[in-house]
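Since the structure comes first, as structure tokens, the remarks are kept for the end.
The values are calculated or read from the model by the stated rules, or taken from the named source; none is laboratory data. Just so it is clear, the model here is predicted, and its values are computed rather than measured. Here the Cβ positions follow ideal geometry from the backbone for every residue, glycine too, while neighbour counts run over all protein chains shown. Accessible surface is based on the protein model in full, side chains and every heavy atom, while ligands, DNA and RNA are left aside. Shrake-Rupley method; radii C 1.70, N 1.55, O 1.52, S 1.80 Å.
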Amino acid sequence: METELLTGKIAIEKGAKLIQQGNIVVFPTETVYGLGANAFDSNAVNKIFIAKGRPNDNPLIVHISSKDQIRDLVSNISEAAQKVIDEFMPGPITVIMEKSQKVPNEVTAGLQTVGIRMPVHPVAQEFIKACNTPIAAPSANTSTKISPTKAIHVYEDMKGKVPLIIEGGDCQVGIESTIIDMSTEHPTILRPGAITEEMLAKVLGSVVTFKGKVIVAKAPGMKYKHYAPNCPMVVADSIESMISEYDKKLNDNAKPILICKSCHKNLILDRRYIDVGNTEDEVLRNIYSALHEGEKLSNYIICEDFGNEGKYASVMNRLNKSSGGIRV
Ligand code: TXA
Ligand code: MG
């Protein structure tokens with residue numbers, strides 16, 4: 001078989017015609033090049049497995065050019081799956097859902113689920129649209145070989161095995177799509193990619209990573225200012241800067257107050273301060289109360305930096321918010 005390398009409108013037209021005749025065609029996507037066939041044509045799909053030397057028990061994902069095509073391919077779109085679709089499609093993500101009757105077993109290797117991907121690459125979109133059918137496609141490499149990110153990679157690996165390679169430049173993402181399984185109780189990442197676990201967790205609340213770790217989204221409220229007293233508050237880099245800031249404010253006719261551990265008592269002398277104890281647990285226990293007291297007793301709070309060891313890191317997490325990150 002001769003392998004043609006074409007680009008532009010001619011490539012799309014020829015590619016679509018080949019697909020409609022039950023052939024396979026290589027096309028570019030933003031992740032890697034894909035080797036496509038009509039997803040509803042089992043014979044055509046089998047040609048992919050032959051050309052790649054791919055085991056039949058390894059399912060293919062189905063590529064679409066419009067979200068309307070999803071309804072035909074799956075039996076149900078959960079609310080969570082819809083969120084992922086709304087947020088990340090088109091783009092480098094594959095969403096696994098329960099398959100519909102229409103999807104042949106050859107595509108899903110007998111599984112009751114199907115992976116759906118809508119590439120954002122304009123040539124991929126144009127090609128799939130011109131085919132007028134969803135396109136089953138794995139990466140366009142011989143099984144076990146490196147995935148292709150340039151048309152020349154495909155040509156060198158697959159020449160003689162495919163009739164047409166649609167040339168679409170270098171793949172801009174460069175690794176395969178993130179695969180997220182939305183058919184299970186807990187959304188699970190099966191393959192990490194450019195859409196990260198953090199990005200997915202943000203949309204879904206939590207997600208199980210491909211290593212089995214649960215990633216919980218940052219609580220939505222975390223981005224807002226929090227734990228702020230009614231008066232300005234700063235965190236001091238050192239005890240010395242804490243004391244000099246206090247004296248400066250006093251000279252400016254402000255009413256400053258210090259929040260710090262008892263051990264600094266001998267340096268503080270007769271300056272006003274709130275003692276939060278000396279141990280991690282004491283500081284944890286006393287810190288909010290100290291802030292409440294501080295805002296009542298003064299109009300400028302200067303707090304010690306307790307460092308980032310152990311539970312002090314949690315205290316500083318709050319104090320950095322209280323102070324709006326302002327340090328002296
Ligand atoms: O970026 C990509 O996803 C590229 C481009 C061409 O779209 N495609 C791609 O396909 O990487 P492939 O076949 O090389 O990798 C798809 C992976 C395979 O590991 C396959 O086992 C898995 O997806 N897969 C497909 N359908 C699945 C399903 N229903 N459940 C679980 N895994 C599935
Ligand atoms: Mg692959």
**Request:** Of the numbered conditions (1) closer than 29 Å to ASN253 by Cβ; (2) out of contact with any strand residue (DSSP E or B) (no Cβ under 8 Å at 6 or more places or on another chain); (3) surrounded by 15 or more Cβ atoms within 10 Å (Cβ to Cβ), TYR312 fails exactly one; give the number of that condition.
**Result:** (1)
**Request:** Could you please tell me which pairs satisfy a Cβ distance under 8 Å, a separation of 6+ or placement on different chains, a first residue in the range 272-284 that is free of Cβ contacts under 8 Å to residues at least 40 places away in the same chain and within 27 Å of ASN299 (Cβ to Cβ), and a second residue that is aromatic (Phe, Trp, Tyr) and buried (at least 16 other Cβ atoms within 10 Å of the Cβ)?
**Result:** VAL283/PHE306; VAL283/TYR312
**Item:** Counted residues, the range 115-144 - those being touching a helix residue (DSSP H, G or I) at 6+ places or on another chain (Cβ under 6 Å) and either closer than 15 Å to VAL45 by Cα or within 15 Å of ligand 2 (Cβ to nearest atom) (or both)
**Value:** 8
**Message:** So, GLU185, is that one away from ligand 1 (no atom under 13 Å from the Cβ), modelled with pLDDT under 95 and either open to solvent by 10 Å² or more (accessible area, probe 1.4 Å) or in a loop (DSSP other than H, G, I, E, B) (or both) or not?
**Reply:** yes
**Asked** What number goes with the only condition from (1) modelled with pLDDT of 95 or more; (2) assigned to a loop (DSSP other than H, G, I, E, B); (3) open to solvent by 20 Å² or more (accessible area, probe 1.4 Å); (4) more than 23 Å from ILE189 (Cα to Cα) that GLU126 does not pass?
**Response** (2)
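Look at GLY91 and say whether it is open to solvent by less than 30 Å² (accessible area, probe 1.4 Å), assigned to a loop (DSSP other than H, G, I, E, B) and in contact with a helix residue (DSSP H, G or I) (Cβ under 6 Å, 6 or more places away or on another chain).
No; evaluated as a whole, the condition is false for this residue.
Listed here are the residues, each with its yes/no results for (1) closer than 30 Å to ASN317 by Cα; (2) open to solvent by less than 30 Å² (accessible area, probe 1.4 Å); (3) at pLDDT 95 or above; (4) away from ligand 2 (no atom under 16 Å from the Cβ).
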| site | (1), (2), (3), (4) |
| --- | --- |
| LYS159 | no, no, yes, yes |
| VAL173 | no, no, no, no |
| ALA217 | yes, yes, no, yes |
| PRO220 | yes, no, no, yes |
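Let me confirm something: among GLU106, GLU126, which residue is under 20 Å from THR29 (Cβ atoms) and not polar (S, T, N, Q)?
Working: GLU106 fails: under 20 Å from THR29 (Cβ atoms).
That would be GLU126, the only listed residue that is under 20 Å from THR29 (Cβ atoms) and not polar (S, T, N, Q).
List the strands (runs of 3 or more DSSP E) that sit entirely inside the range 1-64 and contain at least 2 residues that are surrounded by fewer than 20 Cβ atoms within 10 Å (Cβ to Cβ).
Details: elements: 4-6, 25-27, 34-38, 61-63.
In the range 1-64, the matching strands (runs of 3 or more DSSP E) lie at 4-6.
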**Message:** I'd like to check something: does the range 194-205 contain any residue that is open to solvent by 40 Å² or more (accessible area, probe 1.4 Å) and more than 17 Å from ILE93 (Cα to Cα)?
**Reply:** no
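Here is a yes/no grid of residues against (1) open to solvent by less than 30 Å² (accessible area, probe 1.4 Å); (2) in a helix (DSSP H, G or I); (3) touching a strand residue (DSSP E or B) at 6+ places or on another chain (Cβ under 7 Å); (4) within 10 Å of ligand 1 (Cβ to nearest atom):
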{"site": "GLN69", "(1), (2), (3), (4)": "no, yes, no, no"}
{"site": "ALA80", "(1), (2), (3), (4)": "no, yes, no, no"}
{"site": "ILE85", "(1), (2), (3), (4)": "yes, yes, yes, no"}
{"site": "MET97", "(1), (2), (3), (4)": "yes, no, yes, yes"}
{"site": "VAL103", "(1), (2), (3), (4)": "yes, no, yes, yes"}
{"site": "ALA130", "(1), (2), (3), (4)": "no, yes, no, no"}
